[in-house]
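Take a look at the structure set out below.
The values are calculated or read from the model by the stated rules, or taken from the named source; none is laboratory data. Small disclaimer: the values here were computed from a predicted structure and weren't measured. We place every Cβ from the backbone using ideal geometry, glycine too, and count neighbours over all the protein chains shown. To get the accessible areas, we keep the full protein, side chains included, count just its heavy atoms, and leave off ligands, DNA and RNA. Shrake-Rupley method; radii C 1.70, N 1.55, O 1.52, S 1.80 Å.
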Amino acid sequence: MPTTTTPVAAAVSDARRLFDSGATRPLAARTARLKALHAMLTENETAIEAALWNDLHKSAGEARLTEIGVVLAEINHTLRHLRGWARPRRGPVPAALWPARARLLPEPLGVMLVIAPWNYPVQLLLDPLVGVLAAGNTAVLKPSEFAPATSALVARLVPRYFPDGAVHVVEGGVPETTELLAQRFDHIVFTGSGTVGRVVMRAAAEHLTPVTLELGGKSPVWFDDDARLHQAARRLAWAKFTNAGQTCVAPDYVMTTPDRVPALVDALRVAIADLWGSDPRAGRDYGRIVNERQFDRLVALLAGADVVIGGESDRADRYIAPTVVTVPTDHGRPAVGPDSAHPVLREEIFGPVLPIIAVTSAEQAVEVINGWDKPLALYVFTSSARTRRLFEQHTSSGAVVHDVGLIHAAATGLPFGGVGASGMGAYHGAYSWRAFSHLKPVLHKPLRPDTLRLAQPPFTGRGLRVVQRLMRRG
Ligand code: NAD
């Protein structure tokens, strides 16, 4: 009976055929593919910027810095270090097994699936791809259906720059992703919400496929930097309202002491005007909400909130002004999480709304953070080294960042990822290469001299004692 192959299954089997041929393994082939990705980005910069403008009203400057530039930096960093990473290393052999030699031989995993969200639709699709190709794998990419211009552009460009099928693109939403997830992959990199992360992990379990889950959550901020108030507030506002707050590592809520709230609100007002003008809507540098569904969700979060900056919105334009709200402390209920009294504190905001919660002290802020899911990032704005240490040592999060937001995501030498509910595994630079490779130990114990005899039956008292003594040395 003839079998029908769907485009999804065909993409996966084509990627597997190429992987099985061995064509992606040589270092020169990996380097060539990284250069092809570099060329795809630089030769089509204008088209990519236009797509990002269509999808998210993302300015060309922001597109260059936070999307194209981040991936180019990742490629250049990887090209610089790949030879060293990929070199087989000597592995240690314990004395009880001497004489023997061991090496650690890195090998690619196979065919990888990369599923991306819509908020940084270029960066979050192609940054993982850098590590995937560097490690010698092939890939199937699934861009987000909610960034349709970028998705269509990537689907058009990829076959041109990867004509041998090392990279395939499957466009679509839930049905296409569900079909993809039914296929067997050798690793899945998923960036998105915890809800869909669970769907991905369940599907991966069917094939025992390992996953890297880059999820989200509420990233908190502690703010008590009175001495450098305006400079710090400007950095906080920039981190929050870039891409209209639709950033996984955007500061989600700010905690400070009650006496500091008025000055912080004033400083944020000045900073927002400084960064995006007195009417952010009129400028080209302020983003829009991705679609009506997200717009309606965000506007509903504002209902009944105490708006102290912004609050204006326009559904037709999907515009929500940079908005700051203050939230009274609610004794007896958790400040943050599904049981909070305030809608803005119940779920990840993922938009341009910044709540300020007044807490009595940095210690109380630590309790708030530890009262719910481990966040993806924690930001501390303080001039006190003691306060910095307090947060570093008494909370757990994907990363801790002092005096600034977001930029750790662009630090190619650092692992990027969450912990607990904010994700599983990490990538970027060497960490991508490591996560997407298998470090295979290759051990050789020559047949002569046959010291293994001492550890084989029939056991003699003396031989056994020698082996045991050597084993105790470790
Ligand atoms: P999402 O989880 O809704 O979607 C992500 C991807 O999953 C999309 O490609 C989508 O098509 C697919 N998908 C959606 N529903 C599915 C289903 N039922 N079955 C299979 N696939 C499905 O996330 P989003 O709305 O695109 O992005 C927002 C979330 O992503 C936020 O929680 C944010 O914090 C998180 N995020 C995390 C990072 C990070 O690096 N850790 C970066 C950006 C966004």
**Prompt:** Taking the range 300-347 only, how many residues are of a type in the set (Val, Ile, Thr) and part of a helix (DSSP H, G or I)?
**Reply:** 1
**Search result, residues across the range 403-413 that are in contact with a helix residue (DSSP H, G or I) (Cβ under 6 Å, 6 or more places away or on another chain) and either within 11 Å of the ligand (Cβ to nearest atom) or farther than 13 Å from residue 375 by Cβ (or both)** = 404, 406, 410, 412, 413
**Message:** Looking at residue 268 and the list (1) at pLDDT 95 or above; (2) in contact with an Asp or Glu (Cβ under 7 Å, 6 or more places away or on another chain); (3) surrounded by 24 or more Cβ atoms within 10 Å (Cβ to Cβ), which single condition is not satisfied?
**Reply:** (2)
**Message:** Suppose we keep only residues that are buried (at least 24 other Cβ atoms within 10 Å of the Cβ) and near the ligand (Cβ under 10 Å from one of its atoms) within the range 145-154. Which one would you say is nearest to residue 176 (Cα to Cα)?
**Reply:** 151
**Request:** Select from the range 169-184 the residues that are of a type in the set (Val, Ile, Thr) and crowded, with 16+ Cβ neighbours inside 10 Å and write down the one among them that is farthest from the ligand (Cβ to nearest atom).
**Result:** 169
**Output for the range 68-106, where each listed residue is of a type in the set (Gly, Ala, Ser), over 28 Å from the mean Cα position of the chain (by Cα) and open to solvent by 20 Å² or more (accessible area, probe 1.4 Å)** = 96, 100
**Asked** When the residues of the range 1-25 are filtered to those that are in contact (Cβ under 8 Å) with a residue 12 or more places away in the chain and not in a helix (DSSP H, G or I), which remaining residue is farthest from residue 438 (Cα to Cα)?
**Response** 6
**Request:** Residue by residue through the range 210-228, note down the ones that are of a type outside the set (Lys, Arg), open to solvent by 10 Å² or more (accessible area, probe 1.4 Å) and over 19 Å from the mean Cα position of the chain (by Cα).
**Result:** 224, 226, 227
**Prompt:** For the range 185-199, which residues satisfy the criterion of being more than 10 Å from the ligand (Cβ to nearest atom) and open to solvent by 30 Å² or more (accessible area, probe 1.4 Å)?
**Reply:** 186
**Message:** Which numbered condition in (1) of a type outside the set (Asp, Glu); (2) in a helix (DSSP H, G or I); (3) in contact with a strand residue (DSSP E or B) (Cβ under 8 Å, 6 or more places away or on another chain); (4) more than 16 Å from the ligand (Cβ to nearest atom) is the only one that residue 443 fails?
**Reply:** (2)
**Request:** Tell me, please, whether a residue that is at pLDDT 95 or above and touching a Gly at 6+ places or on another chain (Cβ under 9 Å) can be found in the range 449-466.
**Result:** no
**Request:** Looking for whichever is within 12 Å of the ligand (Cβ to nearest atom) and modelled with pLDDT of 95 or more here; the options are 157, 141, 129. Which one fits?
**Result:** 141
